[in-house]
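Participant: Can you keep this structure in mind? I'll have questions shortly.
The values are calculated or read from the model by the stated rules, or taken from the named source; none is laboratory data. Here the structure is a predicted model, which means the values were calculated and not measured. Because the Cβ atoms are built from the backbone with ideal geometry, glycine has one as well, and the counts that use them run over all protein chains shown.
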Amino acid sequence: MLNINNFVETFEGEEFLDLDNIFGITNVKEEVFMRPHLHNFIEICYVYSGNGRHYINGNIYNVHPGDLYIIDYGTVHAFESDSDGRINTFNIMFLPEFFDPVYKGIDSWKTITEKIFADNGTHNVFINIPHGDIANYNRLTMDMFREYTARKYGYSEMIRGLFLQFMINIIRDFAGINHINPTSKMKKSDTVEFIKSYFDHNYEQKIYINSLCESLYINKSHLCRLFKEYTGTNMIYYINRKRIQKACELLKETDSTIISIAIDVGFKDYKHFNNVFNEIMGENPTKYREGLK
C-alpha cells in the first residue's frame, strides 16, 4: 500500500491479487469511514448487506443491499457505513488478463466490455441489481469466495467460470433500466461533512490539507472558507480540538505519560501539544490531570 499524496492511498495489485497476481476476492465489513483510495486494477464492489454512502470521484451514492459498483483504474472512492451497522461487501478485484492473456494491457472497464464481451453500452458503472436477481448474485459471489478461500483442485478454473457468469449477468443488467444515478454531486454541506468525518476518524495521523483538497478537486482557499462557514471554526482548530478532546479522555482514563498521550493523539512535538492544550483547555495537561484527582 503506497501513499501517493498522504490523503488518497493507492492499493497495489501485488498486495491484493492472487492467481498469478491477476485476481482476488474479499468479503469485507467496511469501516464506519474508509480512507479514500484508488487502485491499479479493476474492482467490482457488490453490496451484500448494510446501508450507507459511497463517495466516488466527487459523487455520492446511497448504498443498499444489491448495489453493484465497478471501480475503474484510478477511481478515487470510499465507503461510509451508517451508524446502525457496517456495509458488508464482496470486492472482486482483477486484471483483464484473467479472462485471457491476450487482454493484458487493457486499461479500462469500457474497453473490457467492448473487446471481451462485444458490448458497447455498459459504460455506466453503478447499478442496482433487480430484486429477483439478487439471490443469483449472492450465490455467485459466495461460490467464488468459497472456491478462492478453500483452494481445492481446479479452483482457479472454477472461479474463472463463475466470474464469467457474474460478468455476463452484469452486462445483461446494465442493458436494462437499473442504472443508479448519483444521489447528488457533493454539495457544500456534503463536502464539509465528508471532511469532518475524515478528521474524526484520522485525527491521530498527520493530515495534509493540500492533499485533501487535491483529492476532492477543490481549491484550498475555497475549502477553508467553506469549512469556516459551516462549522464556525477553521480546519486546523477543528483537528486540534478533536485531538485535545481525546487527550483529555486518555489523561482521565489511563496512566500513560503525557508525552505518549501527545503522540497517540497526533502531536509529534510535546511543546506544541502543551501550547495547543493550554489554548483550548485554559491550562496545561499536567494541571488538568492533577485537577482530576
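Participant: In the range 227-238, which residues are surrounded by fewer than 18 Cβ atoms within 10 Å (Cβ to Cβ) and within 26 Å of the chain's Cα centre (by Cα)?
Facilitator: Across the range 227-238, the qualifying residues are Lys228, Tyr230, Thr231, Asn234, Ile236, Tyr237.
Participant: Answer yes or no as to whether Ile106 is more than 14 Å from the chain's Cα centre (by Cα) and either without any contact (Cβ under 8 Å) to a residue 12 or more places away in the chain or crowded, with 21+ Cβ neighbours inside 10 Å (or both).
Facilitator: Here the answer is yes, as Ile106 does meet what is asked.
Participant: Strands (runs of 3 or more DSSP E) wholly in the range 11-106 with at least 1 residues that are within 20 Å of Leu140 (Cα to Cα), at pLDDT 85 or above and not hydrophobic (A, V, I, L, M, F, W, C) - which ones?
Facilitator: 23-29, 42-49, 67-71, 88-94
Participant: While we're on this one: With the requirement that a residue be loosely packed, with under 15 Cβ neighbours inside 10 Å and not hydrophobic (A, V, I, L, M, F, W, C), what does the range 78-103 give you?
Facilitator: Correct list: Asp82, Ser83, Asp84, Gly85, Asp100, Pro101.
Participant: Let me ask something else. Under the condition of being of a type in the set (Lys, Arg) and surrounded by fewer than 19 Cβ atoms within 10 Å (Cβ to Cβ), which residue from the range 26-56 is nearest to the chain's Cα centre (by Cα)?
Facilitator: Arg35
Participant: Take the range 198-226 and flag every residue that is crowded, with 16+ Cβ neighbours inside 10 Å, closer than 26 Å to Ala262 by Cα and among the small types (Gly, Ala, Ser).
Facilitator: Of everything in the range 198-226, nothing turns out to be crowded, with 16+ Cβ neighbours inside 10 Å, closer than 26 Å to Ala262 by Cα and among the small types (Gly, Ala, Ser).
Participant: Name the single residue that is nearest to Lys196 (Cα to Cα) among those in the range 242-293 being of a type in the set (Lys, Arg) and either part of a helix (DSSP H, G or I) or at pLDDT 95 or above (or both).
Facilitator: Lys242
Participant: Another question, then. Out of Thr113, Thr75, Thr149, which single residue is over 30 Å from Thr191 (Cβ atoms), surrounded by fewer than 19 Cβ atoms within 10 Å (Cβ to Cβ) and not aromatic (Phe, Trp, Tyr)?
Facilitator: Criteria check complete, one pass: Thr149.
Participant: Of all residues in the range 8-25, how many are in contact with a Gly (Cβ under 8 Å, 6 or more places away or on another chain) and surrounded by fewer than 18 Cβ atoms within 10 Å (Cβ to Cβ)?
Facilitator: Summing the residues that are in contact with a Gly (Cβ under 8 Å, 6 or more places away or on another chain) and surrounded by fewer than 18 Cβ atoms within 10 Å (Cβ to Cβ) in the range 8-25 gives 2.
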